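Report on one structure; see the data block that follows.
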Amino acid sequence: MTAGLPSDMPLSTPPRRGLLLVMTGASGVGKGTLRERWLAGQNVFYSTSWTTREARPGEEHGVHYVFVTPDDFETKARGGGFLEHAAFVGNRYGTPIEPIEAALSRGQDVILEIEVEGAMQVKARMGEEAILIFIMPPSLSELRRRLEGRATETPERIEKRLIRAREEIREAHEFRYVVVNDDLDRAVEDLHAIQRAERARQRPETEWTEEDREARVRADTLRSYTLTDAQLDEVATH
Ligand code: ADP
Ligand code: 5GP
């Protein structure tokens with residue numbers, strides 16, 4: 001028998017599975033702003049959610065959200081069509097599961113930008129595969145300024161969102177990473193470092209580049225366990 005490849009051996013290894021990056025945090029903390037910059041110039045899959053809320057001026061169906069009736073949402077939820085779904089301040093939001101599974105299987109990284117309850121569902125369902133990143137405001141008063149500045153909510157809804165935000169900040173240890181959104185450019189670099197570090201983790205360390213190592217060091221400083229309860233209290237009460 002001659003030496004060589006068996007005829008049925010694949011010539012290339014299958015693509016690595018994509019990363020499932022879940023960005024979460026309070027409404028108004030800057031998730032959408034960060035996501036836009038983080039995604040720019042890279043080939044990742046961004047999941048468009050379904051929602052029962054009304055479109056805001058300038059929002060497009062199928063681009064910002066798929067806007068649906070409560071009945072259509074319920075039908076999809078019952079059919080198991082969502083990876084996660086949650087009610088948030090009177091409306092329902094959900095992540096369609098099929099496109100996500102397809103992207104991960106073809107090796108494409110997926111970024112979800114969802115509220116905290118949904119992120120916890122993804123963690124429960126996907127386990128270690130879900131890389132949860134909590135976006136933290138510099139303080140609750142700065143979060144209020146951003147919500148008021150965005151001017152998309154009534155004062156009553158802003159109060160509801162702030163009450164929820166305070167609870168979530170105190171639970172930041174539930175997430176793998178915490179990125180503080182004070183300086184926008186630094187926060188985006190943090191997100192890139194997390195993505196690179198998590199990608200590197202899929203390969204043996206002997207194959208890491210210098211950039212991979214640097215990303216790993218930076219990402220380690222963003223692990224949620226580095227924050228004390230006192231630090232979280234400080235953010236939640238000021
Ligand atoms: P989310 O998607 O979390 O609800 P947005 O991305 O809509 O939040 O941001 C809320 C408001 O805060 C927007 O007006 C945005 O321009 C502003 N913002 C976001 N990040 C920062 C930052 N690092 N510093 C100051 N303002 C910010
Ligand atoms: P908004 O109404 O401001 O667009 O969104 C309200 C909150 O819902 C934000 O925190 C946003 O990140 C979150 N959200 C958007 N899509 C989804 C989703 O598919 N699932 C969950 N759980 N939250 C979502």
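The values are calculated or read from the model by the stated rules, or taken from the named source; none is laboratory data. Since the model is a prediction, treat every value here as computed from it, not as a measurement. Neighbour counts run over all protein chains shown; Cβ positions are idealised from the backbone, glycine included. The accessibility values were calculated without ligands, DNA or RNA, using every heavy atom of the protein model including side chains. Shrake-Rupley method; radii C 1.70, N 1.55, O 1.52, S 1.80 Å.
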Tally, over segment 140-193, of residues that are open to solvent by 20 Å² or more (accessible area, probe 1.4 Å) and hydrophobic (A, V, I, L, M, F, W, C): 4
On the given criteria, is Leu227 under 22 Å from Glu142 (Cβ atoms) and away from ligand 2 (no atom under 16 Å from the Cβ)? yes
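Scan segment 108-138 for residues that are open to solvent by less than 20 Å² (accessible area, probe 1.4 Å), not hydrophobic (A, V, I, L, M, F, W, C) and not in a helix (DSSP H, G or I) and report the count. Full working, then the answer.
Residues of segment 108-138 that are open to solvent by less than 20 Å² (accessible area, probe 1.4 Å), as a first pass: 109-112, 114, 116, 118-119, 122, 130-137.
Now drop any that are not not hydrophobic (A, V, I, L, M, F, W, C), which leaves 109, 118, 137.
Adding the requirement that they be not in a helix (DSSP H, G or I) leaves 109, 137.
Looking only at that region, the number is 2.
Check Ile97, Ile131 and return the single one that is at pLDDT 95 or above and farther than 14 Å from Arg17 by Cα. Spell out how you get there, then give the answer.
Values: Ile131 fails: farther than 14 Å from Arg17 by Cα.
Sole residue among the options that is at pLDDT 95 or above and farther than 14 Å from Arg17 by Cα: Ile97.
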Go through the residues of segment 76-97 one by one and say whether even a single one is out of contact with any Ser or Thr (no Cβ under 9 Å at 6 or more places or on another chain) and among the hydroxyl-bearing types (Ser, Thr, Tyr). no
Could you grab me the full set of residues in segment 143-160 that are free of Cβ contacts under 8 Å to residues at least 12 places away in the same chain and assigned to a helix (DSSP H, G or I)? Arg145, Glu148, Gly149, Pro155, Glu156, Glu159
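Filter segment 53-103 for residues that are of a type in the set (A, V, I, L, M), touching a residue at least 40 places away in the same chain (Cβ under 8 Å) and either in a strand (DSSP E or B) or within 24 Å of Leu162 (Cα to Cα) (or both) and give the result. First the steps, then the outcome.
At the first step, the residues of segment 53-103 found to be of a type in the set (A, V, I, L, M) are 55, 63, 66, 68, 77, 83, 86-87, 89, 97, 100, 102-103.
Applying the additional criterion that residues be touching a residue at least 40 places away in the same chain (Cβ under 8 Å) yields 83, 89, 100, 103.
Hits for segment 53-103 are Leu83, Val89.
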Would you pick out the residues in segment 24-45 that are near ligand 2 (Cβ under 8 Å from one of its atoms) and not in a loop (DSSP other than H, G, I, E, B)? Thr24, Gly25, Lys31, Gly32
If you go through segment 58-98 one residue at a time, how many are under 16 Å from the mean Cα position of the chain (by Cα) and either surrounded by fewer than 18 Cβ atoms within 10 Å (Cβ to Cβ) or of a type in the set (Lys, Arg) (or both)? 3
